[in-house]
Amino acid sequence: MKIDIKKLLFVLLVSLLLRIYPLLNAVNWTDLYVEQAMPVLKHLNIYSATHKVFPYSPVSMFLPALCSLLSKFFKIPFYIMMRMPAIIADVCIAVTIYVTLIKLGRKEAYSMGLLYAINPVSILISSFHGNIMPIPVLFSFLAYAVLLWGVEENYRLSALLLGIAIGFRGYPILLLPFFLFKLEISLNKRIEYIIYSILPTTLSFLPFMLLDYKSVLREVFAYSGFTDYGLAAIIRAVYSYVKDIRLYDLSGNLVLLMSEISKALFFFVYAILLFTQVRKRLITSILSVFLFFYFIYTGMGSQYFLWILPFCFLVRDKMVKYYMIFVTWALVNFYWVYHPYIIFGRLGPVNVPFKGLLAGEIISLSLLWIVCLSWALKLMREGDNELDGDLL
């Protein structure tokens, strides 16, 4: 099958148009990216000049600063300019899905590209929320997709793409061992893959570690997420419903204990996956890792649900639709209760019975939690049964 330029451009256009309205309707609801931009623009060490603002590698610290400069130059509000890289990345994901499925000879390439273009999950995260997570998601997806054009020819490119993803956000490092195990390349090339994939992060961290390693370690390990989704969030929602209060985040020793237990449990399951999925395809392992993370970890943010999304559009699995439905419901419900201006923007929030929203939160979070576990167990049990032969 050949790429139809008209279809490709239509996927791109639909993706872009559906993300423009929330962009134009957006309001400045967070100063987080402003806090990240200022130290860079003032030539300060972002790790020592801020606290709990930037727990990532230095690769991504220049993006808020660049958007700040472009905002002033073009006289566009910063909160709008800051959304543009995420929207562009999200549009590129839709195009990549179409091109990848064309490569696989799949008749539904065009429909899958369009489905991603109109999917509410990535629109909510990239354009409404304005989080930059679509950028590392794009590079993670590309790291997988380029291998379909030839492992031997593209393993270095795949490693660099994965390395850029890791540089933006640390989560893709979870995929590195699976890439190494599944690629049919020599030991020397596997070592090359490791070097290329950690190069961007290592080189960016080096001057900061030499300058003030204590501040780097303090900030990188200070972040443990928020109890927005998962088991802790279900407990929070039930407590809020019973007490009839708007409790955004749980706190205290119990929550800290849950966080530490969930981390330990996830890495225990992760180790099991490394040993039990040796014979399964790479994409099965990717889906499994993310789904178990969503089920186990208690520090879940909205943007995390985007990690798995482009990979979902490559597989023929009925669980995808359930995942999409309940993630969308959970996201909308969460934003409506705790950050209504994310979804309503300049129009202002629509008032509905608060208890009804809390009930919706309990139901949507619980069903999403169950779907993630059910799908993960299904993949462990059935594995590659529903995958195409050309998928890695």
Seminar exercise, completed: Across segment 172-196, the tally of residues that are crowded, with 16+ Cβ neighbours inside 10 Å and either hydroxyl-bearing (Ser, Thr, Tyr) or part of a loop (DSSP other than H, G, I, E, B) (or both) stands at 3
Problem set entry | In segment 145-188, the residues that are of a type in the set (Gly, Ala, Ser) and under 18 Å from PHE290 (Cβ atoms) | ALA145, ALA165, GLY170
For this session: Can you work out which of the residues in segment 264-279 that are closer than 10 Å to PHE178 by Cα and part of a loop (DSSP other than H, G, I, E, B) is modelled with the lowest pLDDT?
Result: VAL278
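Could you look through segment 105-128, keep only residues that are assigned to a loop (DSSP other than H, G, I, E, B) and surrounded by 15 or more Cβ atoms within 10 Å (Cβ to Cβ), and pick out the one that is farthest from the chain's Cα centre (by Cα)?
The initial filter retains those residues of segment 105-128 that are assigned to a loop (DSSP other than H, G, I, E, B), namely 105-108, 119.
Keeping just the survivors that are surrounded by 15 or more Cβ atoms within 10 Å (Cβ to Cβ) gives 106, 119.
Working: ARG106: 26, ASN119: 15 Å.
Per the stated criteria, the residue is ARG106.
Can you name the residue in segment 188-231 that is acidic (Asp, Glu) and touching a residue at least 40 places away in the same chain (Cβ under 8 Å) and, of all such residues, is nearest to GLU361 (Cα to Cα)?
Per the criteria, the residue is ASP228.
The rows are residues; the columns are (1) small (Gly, Ala, Ser); (2) over 30 Å from LYS107 (Cα atoms); (3) modelled with pLDDT under 95; (4) touching a helix residue (DSSP H, G or I) at 6+ places or on another chain (Cβ under 9 Å).
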{"residue": "VAL289", "(1), (2), (3), (4)": "no, no, no, yes"}
{"residue": "SER302", "(1), (2), (3), (4)": "yes, yes, yes, yes"}
{"residue": "GLY348", "(1), (2), (3), (4)": "yes, yes, yes, yes"}
{"residue": "LEU357", "(1), (2), (3), (4)": "no, yes, yes, yes"}
For this session: Scan (1) at pLDDT below 95; (2) in a helix (DSSP H, G or I); (3) of a type outside the set (Asp, Glu) for the single condition PRO136 breaks and write down its number.
Result: (1)
Exercise. Is at least one residue of segment 346-359 at positive phi, surrounded by fewer than 15 Cβ atoms within 10 Å (Cβ to Cβ) and outside any helix (DSSP H, G or I)?
Worked result: yes
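Quick check on LEU331: is it in a helix (DSSP H, G or I) and either surrounded by fewer than 17 Cβ atoms within 10 Å (Cβ to Cβ) or of a type in the set (A, V, I, L, M) (or both)?
On the way: in a helix (DSSP H, G or I): yes; either surrounded by fewer than 17 Cβ atoms within 10 Å (Cβ to Cβ) or of a type in the set (A, V, I, L, M) (or both): yes.
In short, yes.
If you go through segment 229-246 one residue at a time, do you hit one that is closer than 20 Å to ILE135 by Cβ and either in contact with a Ser or Thr (Cβ under 9 Å, 6 or more places away or on another chain) or at pLDDT 95 or above (or both)? Can you show your working first?
Narrowing segment 229-246 to residues closer than 20 Å to ILE135 by Cβ: none.
So far as segment 229-246 goes, no, none of its residues is closer than 20 Å to ILE135 by Cβ and either in contact with a Ser or Thr (Cβ under 9 Å, 6 or more places away or on another chain) or at pLDDT 95 or above (or both).
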Exercise. Is there any pair linking a residue in segment 369-381 that is at negative phi to one that is surrounded by fewer than 20 Cβ atoms within 10 Å (Cβ to Cβ) and in a helix (DSSP H, G or I), with Cβ under 6 Å and at least six apart or on different chains, and which?
Worked result: VAL371/TYR322; TRP375/MET319
For this session: Could you tell me which residue of segment 145-171 is farthest from the chain's Cα centre (by Cα), considering only residues that are in contact (Cβ under 8 Å) with a residue 60 or more places away in the chain and buried (at least 24 other Cβ atoms within 10 Å of the Cβ)?
Result: GLY167
For this session: Kindly indicate whether any position in segment 293-303 is surrounded by fewer than 18 Cβ atoms within 10 Å (Cβ to Cβ), of a type outside the set (A, V, I, L, M, F, W, C) and either in a helix (DSSP H, G or I) or over 16 Å from the mean Cα position of the chain (by Cα) (or both).
Result: no
For this session: Mind listing whichever residues of segment 25-53 are among the basic types (Lys, Arg) and modelled with pLDDT under 90?
Result: LYS52
Exercise. Which condition number does VAL91 fail, the rest of (1) at pLDDT below 95; (2) assigned to a helix (DSSP H, G or I); (3) under 27 Å from VAL14 (Cβ atoms); (4) not hydroxyl-bearing (Ser, Thr, Tyr) being met?
Worked result: (1)
Seminar exercise, completed: Checked against (1) at pLDDT 95 or above; (2) crowded, with 21+ Cβ neighbours inside 10 Å, MET324 satisfies every condition except (2)
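The values are calculated or read from the model by the stated rules, or taken from the named source; none is laboratory data. Computed from a prediction, not measured in an experiment: that's the story for all the values here. Glycine gets a Cβ as well: all are built from the backbone with ideal geometry, and neighbour counts include every protein chain shown.
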